[in-house]
Structure formats: structure tokens, C-alpha cells
Amino acid sequence: MSRRLAIGLCVACCALPTGVSGDDHVRVLAASCAACHGTAGNSVGGTPKLAGLDRSHFILQMQSFRDGSRPSSVMHHHAKGLTLQEIEQLADHFATQPRLAGQAPRPLGGM
Amino acid sequence: MQRRTFLKLLGTGVVLGAFPKASWSGVPVQGRVIVVGGGYAGATAAKYLRLWGGSRLEIVLIEKGTTFVSCPLSNLVLGGSRRIGELTFNYAGLDRYDIKRLHDEIQAVDADKRQLVLSDGDRLGYDRLILAPGIDFVYDGLPMLASAEAQAIVPHAWKAGPQTVALRQQLEAMPDGGTFVISIPKAPYRCPPGPYERVSQVAFYLKGAKPKSKIIVLDANPEIVSKKGLFTRAWAELYPGMVEYRPNSQAMEVDVARKIVKTEFERVRADVLNVIPPQRAGRIAQTAGLANIDKRWCEVDFLSYESRVVSGIHVIGDAVSSALPKSAHMATSQAKVCAAAVVALLAGNAPDPQPVFANTCYSFVTDRLAMHIAHVYRYDTAKKIMLPAEGGGVSERPTEQEGQYAYWWAQNIWSDTLT
């Protein structure tokens with residue numbers, strides 16, 4: 001593990017109060033983006049990193065996925081399912097995540 | 001915890017120095033959470049419990065295997081564009097989260113005492129238990145397929161691993177002009193588009209290597225369960241004349257030695273036969289009495305994934321009874337809602353009353369072309385279930401770009417689950 005990541009993760013979890021519903025709502029939603037964008041928005045590659053994205057850039061992208069002005073392969077199907085308030089909360093959330101190198105697990109190979 | 005168990009935990013080699021920090025130093029831990037099952041759901045729950053619960057939780061992950069083999073992408077092993085070793089990982093990436101890892105198969109849950117019974121009879125207490133047992137196969141209707149010997153001839157290959165490789169070897173050994181027959185159980189089963197992706201992958205291989213061959217799809221469902229239009233078109237355009245699809249064709253009986261499947265209407269002979277049996281929540285959910293829906297699936301509270309039958313036990317992933325697709329992404333999203341709720345509950349707080357999360361399933365129809373189905377799911381306070389939000393849907397057509405994104409989806413979800 002890189003030392004930087006360890007520290008980053010620590011900051012990420014210490015900075016967030018635990019057990020508060022309002023925070024949980026956006027935190028869990030944001031975490032569900034990780035399947036494509038990596039843990040805390042730190043994609044290992046192929047998709048854009050969301051960690052540290054500028055708030056207004058984020059909101060603009062999500063709005064243009066919704067109205068189709070930015071063509072997308074899959075993001076329109078996610079952006080259209082969110083409320084405007086959730087998009088703003090997600091923008092705030094990702095803007096404060098530290099931008100780190102994504103960690104890909106190494107396949108064991110063989111067979 | 002008994003001394004032997006403690007030693008076993010140490011024996012995993014992960015705990016050195018990290019072991020019960022809090023309990024050793026006398027700082028009271030907020031609680032011990034045990035996660036049973038190290039698939040997408042369980043591994044994710046263990047990691048996010050640490051990320052969100054901080055250092056005051058003691059987290060134990062119990063998984064019988066020492067390797068993680070990804071079901072997503074495993075159909076590509078049948079198509080020949082991936083090797084199973086590329087989809088196989090260990091759990092070392094989770095060690096940094098101070099998760100005590102125990103490779104063992106638990107015997108039972110003693111819910112009254114809040115204890116697990118390990119394979120050697122040792123007991124391990126918990127404050128909250130999260131079960132992520134995945135699926136087991138139901139052989140009541142097809143008892144002839146229950147044995148390992150039968151499965152060597154007619155594999156299910158519906159848990160990625162040796163059977164995936166065996167099925168690939170059977171396809172390699174099949175003569176050109178042979179027939180591949182696949183039997184699909186009634187929904188719900190793990191990975192709704194998976195069987196149809198498998199048909200596409202086998203067709204991809206046969207088109208290149210054995211173009212005179214045929215594929216017969218015996219589907220117990222009245223129609224293709226997921227991405228129907230996309231798969232129908234992909235088969236017609238990419239593999240014309242190769243795939244015969246037969247709806248309402250449940251396997252009633254299998255002649256294992258001769259590879260013949262009997263449905264209500266016909267007997268179908270195969271050169272390579274793949275029967276995906278009906279499924280239910282994994283064994284431990286059954287023995288712990290949690291599978292209250294059709295004796296197959298576990299009913300949960302979608303705010304916390306706590307069982308509706310036994311308190312203190314949460315169930316996540318494919319074992320959950322719901323209209324939600326049993327996908328890897330869904331398993332990780334449920335794990336995160338559950339982890340956040342368990343952290344909240346142990347701190348005396350209420351879970352988020354309206355969870356929302358995203359889900360996507362990609363399917364490959366060749367080695368490079370893929371397509372998706374994607375929805376945001378939102379808790380419905382009246383119905384008390386997760387429902388797909390407006391605005392989701394499927395790709396217009398499979399593309400190479402989505403093939404790339406599907407590959408990166410896998411890389412990112414592996415990273416999120418295992419590191």
C-alpha cells in the first residue's frame with residue numbers, strides 16, 4: 001500500500017462524522033459510483049476521476065448528461081435518476097475527496 | 001473469543017500488531033461486527049465498515065476460500081478472450097483496513113447468544129452479524145445433477161472457478177457441427193443477463209472455431225429476462241442461424257451420461273451441456289433460518305439490510321429477497337447501505353431513511369462489444385422497498401466503447417472491493 005493512500009483514507013474517514021443520516025445519504029450514494037469511478041472517486045483508469053473535481057464543473061456535467069447536451073454512453077441513465085439536490089450534494093462530496101492514485105488489485109494469473 | 005480462534009486469526013498472517021489493538025490497550029471497542037462471506041458484498045461491507053466506522057469497530061471477515069474469483073467477466077473465459085487467472089485475486093489488499101480475516105466455514109449461528117459456531121466448534125461472539133452467503137443451487141427438481149461426478153459432465157459454471165474452466169475445455173473438445181445446450185432456471189437467479197451473455201460468448205467462440213455448430217437455449221422463463229431486445233438483435237446480426245431460443249422450457253430431467261435434457265415438450269441432446277440450476281440464498285442463511293421467502297431468499301429491511309426474521313443479523317447480496325437484480329454492483333451497493341446502517345446503529349443513531357444508489361450491469365456479446373443496463377434505485381417509503389428511479393435504461397446497441405468501459409468497470413469494482 002502506498003503511504004499516501006493510507007493517509008488519504010484516514011483523512012477521508014476522520015473528516016466525516018459517522019452515523020449522521022444526512023451525510024450517510026450522499027456518502028452511500030457517492031460510494032455506489034465507485035464501481036465505475038473507483039473508491040472515493042479515485043478511478044484506476046478508463047473513467048474520469050471524480051475526486052477533487054470542481055463543484056461547478058461537476059454540476060454542469062451532470063446537468064448536460066441529463067439534458068443530453070453532453071452525449072454519454074451510460075451517465076445519462078444515472079444522472080437522470082438523481083434529484084438536483086443530490087447532484088449538488090455529490091458535487092460537494094467529490095470536491096472534497098483527495099485526488100489519489102487508484103489501486104488495482106493484482107490478478108493471481110495461471111490457468 | 002477462545003484462544004484457538006484467536007490463534008487462527010493470527011494465523012492468517014494479516015493481523016500482526018494490528019490484532020485487537022483496541023481491546024488489548026483497554027480502549028473499549030464500540031462493537032464487533034462479523035462479516036461472513038468474502039464475495040463482492042461481504043468484502044465491500046468489511047472495508048466500508050472500517051472507512052465509515054473508524055478504529056473503534058472490531059471487524060472480522062470469515063470466508064472459506066482464500067481466493068476471490070470474479071463472476072463478472074467469467075463468461076469471457078468461455079468465449080476465449082480471458083483466462084480465469086486474470087479474474088482471480090487474493091484478499092491481501094484488505095489487510096490495511098485492520099480486518100481480521102479467518103478462512104473457515106461456519107457451522108451455525110446462535111442468534112440468541114449472538115455467537116457464531118466455527119467449523120471446529122469454537123464460538124465467536126458478535127454485536128452485529130452481516131451474512132453475505134451468495135447463492136446455493138437447488139437440486140430438488142434435478143437430483144441427478146447434485147454430485148460432483150455429474151457436474152464434471154454437466155457443469156453449471158455459475159460460480160466462477162474450476163467449472164468455468166471445465167466448460168471451456170468441453171467447448172474446445174467439441175467437434176465442429178456439435179450442439180451446445182444451455183438450460184436457464186426461472187428468475188430470480190444470480191446475474192439476470194448472465195445466461196444470455198454466456199450464449200453470446202459461446203457463439204463468439206463457435207463462430208470463429210466451429211462455425212457449423214449450433215446453440216439451443218432452453219429458458220424456463222417466458223422470455224429473455226434482461227436486455228431482451230439487445231440480445232435478440234445481437235444474436236441475429238452477429239451469429240445468424242446459430243442460436244435457437246426456446247422459451248418456457250424448464251429442465252425437468254437430465255440424462256447426465258448421454259447429455260439429454262427433458263423439458264415439458266421435448267428431449268434435447270447436447271454435445272456440451274450446461275445446466276444452470278435454480279438457486280436460493282447460501283447455506284448459512286438457510287441454516288440460520290433467515291430464508292423466509294419461498295424457503296429460498298432472505299427478507300430484509302432495506303434501510304439496514306437487517307433480517308426481518310432474526311434481529312442483529314443483516315443479509316446482503318444475492319441472498320436477499322427483492323426485485324433488485326442480483327448483480328455484483330448491486331451487492332456492493334447493498335453492502336455500503338448496510339455498513340453505514342450498522343455504524344449508525346452501533347453508535348445509537350438511526351440509518352438514512354431514504355437510501356439511493358446506482359446499479360449497472362454490462363454484458364459482452366463478443367470479445368469487444370458490450371452493452372449496459374443501468375438504473376438508480378431509490379427507497380420507496382410507502383412500499384418499503386428499493387425501486388428503480390425514472391431515467392434508467394439500456395444501451396441503444398453494443399459498442400466497442402462500452403466494451404472498454406465494461407472492462408474498466410471491472411477494474412474499478414475489483415479495486416473498490418479488494419483494495
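Residues that are charged (D, E, K, R) and either under 23 Å from B:Asp136 (Cβ atoms) or open to solvent by 20 Å² or more (accessible area, probe 1.4 Å) (or both) within the range B:308-349 comprise B:Arg308, B:Asp318, B:Lys326, listed in sequence order.
Exactly one residue out of B:Arg50, B:Arg56, B:Arg128, B:Arg82 is touching a Leu at 6+ places or on another chain (Cβ under 6 Å) and either of a type in the set (Lys, Arg) or free of Cβ contacts under 8 Å to residues at least 12 places away in the same chain (or both): that is B:Arg82.
Looking at the range B:390-419 only, could you name the residues that are crowded, with 19+ Cβ neighbours inside 10 Å, at the interface with chain A (Cβ under 7 Å from one of its Cβ atoms) and in a loop (DSSP other than H, G, I, E, B)? Matches in the range B:390-419: B:Gly392, B:Thr419.
Does B:Pro188 fit the bill of being touching a Pro at 6+ places or on another chain (Cβ under 7 Å), open to solvent by 10 Å² or more (accessible area, probe 1.4 Å) and not in a helix (DSSP H, G or I)? Against the criterion (touching a Pro at 6+ places or on another chain (Cβ under 7 Å), open to solvent by 10 Å² or more (accessible area, probe 1.4 Å) and not in a helix (DSSP H, G or I)), B:Pro188 does not qualify.
Of the numbered criteria (1) within 7 Å of chain A (Cβ to nearest Cβ); (2) charged (D, E, K, R); (3) farther than 27 Å from B:Trp52 by Cβ, the one B:Asp352 fails is (3). Could you say whether any residue in the range A:28-37 is open to solvent by less than 50 Å² (accessible area, probe 1.4 Å), at pLDDT below 95 and closer than 27 Å to B:Thr419 by Cα? Looking through the range A:28-37, none of the residues is open to solvent by less than 50 Å² (accessible area, probe 1.4 Å), at pLDDT below 95 and closer than 27 Å to B:Thr419 by Cα. If you check B:Thr417, B:Thr399, B:Thr360, B:Thr381 for being over 17 Å from B:Ser226 (Cα atoms) and either within 20 Å of the chain's Cα centre (by Cα) or not polar (S, T, N, Q) (or both), only one passes: B:Thr417.
For the range B:291-315, the set of residues classified as touching a helix residue (DSSP H, G or I) at 6+ places or on another chain (Cβ under 8 Å) and among the aliphatic types (A, V, I, L, M) consists of B:Ala291, B:Leu303, B:Val315, listed by residue number. The single condition from (1) assigned to a strand (DSSP E or B); (2) open to solvent by 10 Å² or more (accessible area, probe 1.4 Å); (3) closer than 15 Å to B:Ile413 by Cβ that B:Arg378 fails is (3). Exactly one residue out of B:Ala150, B:Ala157, B:Ala166 is free of Cβ contacts under 8 Å to residues at least 24 places away in the same chain and either part of a loop (DSSP other than H, G, I, E, B) or closer than 30 Å to B:Lys207 by Cβ (or both), and it is B:Ala166.
Scanning the range B:359-369 for residues that are at the interface with chain A (Cβ under 10 Å from one of its Cβ atoms) and open to solvent by less than 10 Å² (accessible area, probe 1.4 Å), we see that the one that is farthest from B:Pro195 (Cα to Cα) is B:Asn359.
Scanning the range B:226-270 for residues that are open to solvent by 60 Å² or more (accessible area, probe 1.4 Å), touching a helix residue (DSSP H, G or I) at 6+ places or on another chain (Cβ under 9 Å) and in contact (Cβ under 8 Å) with a residue 24 or more places away in the chain turns up B:Tyr245, B:Glu253, B:Ala257. Considering (1) hydroxyl-bearing (Ser, Thr, Tyr); (2) more than 21 Å from B:Arg198 (Cα to Cα); (3) in contact (Cβ under 8 Å) with a residue 40 or more places away in the chain, the lone condition that B:Ser307 does not fulfil carries the number (3). Summed over the range B:60-79, residues that are out of contact with any His (no Cβ under 9 Å at 6 or more places or on another chain) and within 13 Å of chain A (Cβ to nearest Cβ) total 7. Within the range B:66-87, being open to solvent by 20 Å² or more (accessible area, probe 1.4 Å) and out of contact with any Asp or Glu (no Cβ under 7 Å at 6 or more places or on another chain) holds for B:Thr66, B:Thr67, B:Val69, B:Cys71, B:Pro72, B:Gly80, B:Arg82, B:Arg83, B:Glu86. Per the listing A:Gly45, A:Gly52, A:Gly102, A:Gly110, the residue uniquely surrounded by fewer than 20 Cβ atoms within 10 Å (Cβ to Cβ), modelled with pLDDT under 95 and part of a loop (DSSP other than H, G, I, E, B) is A:Gly110. Residue check: B:Val202 meets all listed conditions (1) in contact with a strand residue (DSSP E or B) (Cβ under 8 Å, 6 or more places away or on another chain); (2) surrounded by fewer than 24 Cβ atoms within 10 Å (Cβ to Cβ); (3) touching a residue at least 60 places away in the same chain (Cβ under 8 Å); (4) not polar (S, T, N, Q) but one, namely (2).
When the range A:66-98 is limited to residues that are over 22 Å from B:Gln411 (Cβ atoms), within 10 Å of chain B (Cβ to nearest Cβ) and part of a helix (DSSP H, G or I), the one that is most open to solvent (accessible area, probe 1.4 Å) turns out to be A:Arg66.
The values are calculated or read from the model by the stated rules, or taken from the named source; none is laboratory data. Quantities reported herein were computed from a predicted structural model and do not represent experimental measurements. Every residue, glycine among them, receives a Cβ derived from its backbone with ideal geometry; neighbour counts consider all protein chains shown. Ligands, DNA and RNA are stripped out before the accessible areas are found, and what is left, the full protein with its side chains, is counted by its heavy atoms. Shrake-Rupley method; radii C 1.70, N 1.55, O 1.52, S 1.80 Å.
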